[in-house]
1. Among the candidates VAL75, VAL103, single out the residue that is closer than 29 Å to ARG422 by Cα, surrounded by 14 or more Cβ atoms within 10 Å (Cβ to Cβ) and in contact with a Pro (Cβ under 8 Å, 6 or more places away or on another chain).
2. Can you confirm whether PRO374 is farther than 30 Å from TYR467 by Cβ, modelled with pLDDT of 95 or more, surrounded by fewer than 24 Cβ atoms within 10 Å (Cβ to Cβ) and in contact with a Gly (Cβ under 8 Å, 6 or more places away or on another chain)?
3. Would you be able to say whether some residue in region 198-220 is touching a strand residue (DSSP E or B) at 6+ places or on another chain (Cβ under 6 Å), open to solvent by less than 30 Å² (accessible area, probe 1.4 Å), touching a residue at least 60 places away in the same chain (Cβ under 8 Å) and under 16 Å from GLN291 (Cα atoms)?
4. Inspect region 166-178 for any residue being free of Cβ contacts under 8 Å to residues at least 12 places away in the same chain and either in a helix (DSSP H, G or I) or open to solvent by 40 Å² or more (accessible area, probe 1.4 Å) (or both) and give the result as yes or no.
5. Out of ALA102, ALA72, which single residue is touching a residue at least 40 places away in the same chain (Cβ under 8 Å) and of a type in the set (Gly, Ala, Ser)?
6. Has region 106-114 got at least one residue that is surrounded by 22 or more Cβ atoms within 10 Å (Cβ to Cβ), under 30 Å from PHE21 (Cβ atoms) and either small (Gly, Ala, Ser) or modelled with pLDDT under 95 (or both)?
7. Just need a number here: residues in region 221-244 that are surrounded by fewer than 22 Cβ atoms within 10 Å (Cβ to Cβ) and in contact with a Gly (Cβ under 6 Å, 6 or more places away or on another chain).
8. Identify all residues within region 235-254 that are of a type in the set (D, E, K, R) and under 20 Å from the mean Cα position of the chain (by Cα); write none if there are none.
Amino acid sequence: MNVSSVWHAPGHAARYRERVFAARTRLTRDHSDLAEAQRRVLNDLVGFNASTAFGRAHGLGRVLTMEDFRSAVPVRDYADHAPLIERTAAGERNLLSADTPAVYFTSSGSTGAHKKVPVTPRFMKTTFMPFYYAAWAPLVEHFPEVLERPDAVLNLKHDPLTAPPTTADGRPHVGASQVDFGARFGEPLSAEPGTGAPWAALPVPTDPADHLERAYLRLRLAVQADLRCMIGINPAMVAAVPYQLNLWWPRIVKEVRDGTLGGLPHGRPDPARAAELERLADSAGGVRPAQVWPRMRALFCWTTGVASLYLPALSGEFGPDVAVLPAPVAASEGPVGVALDRHPSAGSLVASASVYEFVPAEEDLRPDSDTLLPDELEAGRDYHVVFSHVGGLYRYAVGDVVRVVDTAGGVPRVEYAGRGGRSDAAGERMRDAEVVRALHTALRPGGLALRNAACRVEPSPGGTPHYVFAVSPRTPWPPAGAARFTAALDGALSAESAGYAAARAAGRLAAPSLRLLDAEAFDRDWHAAVASGIRPTQVKDRLFRQDDALWGRLTGTPNG
């Protein structure tokens, strides 16, 4: 049974609801004794993989405690794991995991290089699926209408491939959103909301690499549906939708009127709906998602990091009462936190999925970094994430920083704070999270709002480096307001980052400057990145943009 037919099977919505609630209950039960849950994960991890090449080399068979594990294995990143991953992808077995990978998730790191994340059946059963099902519980609980019809949800990240690329051992090498977990892992209920919609598997032939055309075709079909929810995970995908509607609107209206899809006959001509859509644009000088889908109730995507700057205003474009529910704090390599309630940004640590360790974000990660366990974390602080799980990742530094919001049900609740890398031109060593918080502080007094922001270091007229902030205002900023914002940003950066404050005080950094872009600059940049062949799920908000070509593309200056 394929993904689409699963959602059309009698009684599916009830079974799906029962499954996601049961998964949430299980995670909540695991949280009742965090230390014991973590001990079970460690014991399973080392016991299952002790006889692998990695296990023998690091003495996993002798590991009994977390202290033993820390002594046996250094903190490692993807590059450290890559040699054994590549050998596994070439066909060797029993290297990192005693289980055989069924698929490899692809993930673009901060360098843009595509990783191969081995995904084993044991990992899916013990680490991934319990968290994955539970992630949908708040949406289903508070917005039950998303399950009433297969076409109630536009799932922007769902993009199945009929002929996925493979590694040398013949396993698919694809994004997590391109895997049919039912067929691959025997989990038919894993099909997400929206994957049974008419646009989930496009009914006309397309080039799998033409991601913009595929996005257009889905929107073209969705404008004739009564959407209640949009799932993006990556918020940049959601932010692109209002721009796409206006960019493609004449073509959409014409195809609705003619009964075509991508220029090919599809369904019946619908001149009445076309006329209605045409009036929407004429009456407002443009079209908003709230007009196209007036009964939209929820957006599901990451809500923190750079997205926290624009999501409150963006959600209003989908409707005044549209809620934004946070997607899990997770990477292709594994889960970290999942929202079990309606918290707007944070999720509970998935205690039964991985062994978790943390390093204060102000410290650099090293192989011998001293790590903290979950019960040693402090609310209001940022940490690098290090995790280990049965799929064959050991003390893996995923490259993300999380902020501990509070403790709920006995476990820390964390939100994504940004990438772990730093911008360091003059000893300031600033992180994403510090800059995002400073931007919030600088925006607040003047009541200013933006569509997106990025920055980079350039020499000032006197030669001293300084930060240039490229900002797309939501509405035009008056010159005086822009000047006050820039001055406030300088102070806020100093308050957030001791390194920035020291560099400014010593004259190693000059004051920041502001470059106001038009409202659609970041939308055009996102489209250009997708048009270059990058999958939409992987074109994410990037705050630090030092690359001349990419900065020039964003700002419209060919030389950067």
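The values are calculated or read from the model by the stated rules, or taken from the named source; none is laboratory data. This one's a predicted model, so the numbers in the text were calculated from it and none came from an experiment. Because the Cβ atoms are built from the backbone with ideal geometry, glycine has one as well, and the counts that use them run over all protein chains shown. Accessible surface is based on the protein model in full, side chains and every heavy atom, while ligands, DNA and RNA are left aside. Shrake-Rupley method; radii C 1.70, N 1.55, O 1.52, S 1.80 Å.
1. Answer to the selection: VAL75.
2. no
3. No, every residue in region 198-220 fails to be touching a strand residue (DSSP E or B) at 6+ places or on another chain (Cβ under 6 Å), open to solvent by less than 30 Å² (accessible area, probe 1.4 Å), touching a residue at least 60 places away in the same chain (Cβ under 8 Å) and under 16 Å from GLN291 (Cα atoms).
4. Narrowing region 166-178 to residues free of Cβ contacts under 8 Å to residues at least 12 places away in the same chain: 166, 170.
After this cut, where a residue has to be either in a helix (DSSP H, G or I) or open to solvent by 40 Å² or more (accessible area, probe 1.4 Å) (or both) as well, the list is 166, 170.
Scanning region 166-178 turns up at least one residue that is free of Cβ contacts under 8 Å to residues at least 12 places away in the same chain and either in a helix (DSSP H, G or I) or open to solvent by 40 Å² or more (accessible area, probe 1.4 Å) (or both).
5. Working: ALA72 fails: touching a residue at least 40 places away in the same chain (Cβ under 8 Å).
On inspection, the qualifying residue turns out to be ALA102.
6. No: zero hits.
7. Within region 221-244, residues that are surrounded by fewer than 22 Cβ atoms within 10 Å (Cβ to Cβ) and in contact with a Gly (Cβ under 6 Å, 6 or more places away or on another chain) number 0.
8. Once the filter is applied, which keeps residues that are of a type in the set (D, E, K, R) and under 20 Å from the mean Cα position of the chain (by Cα), region 235-254 yields nothing.
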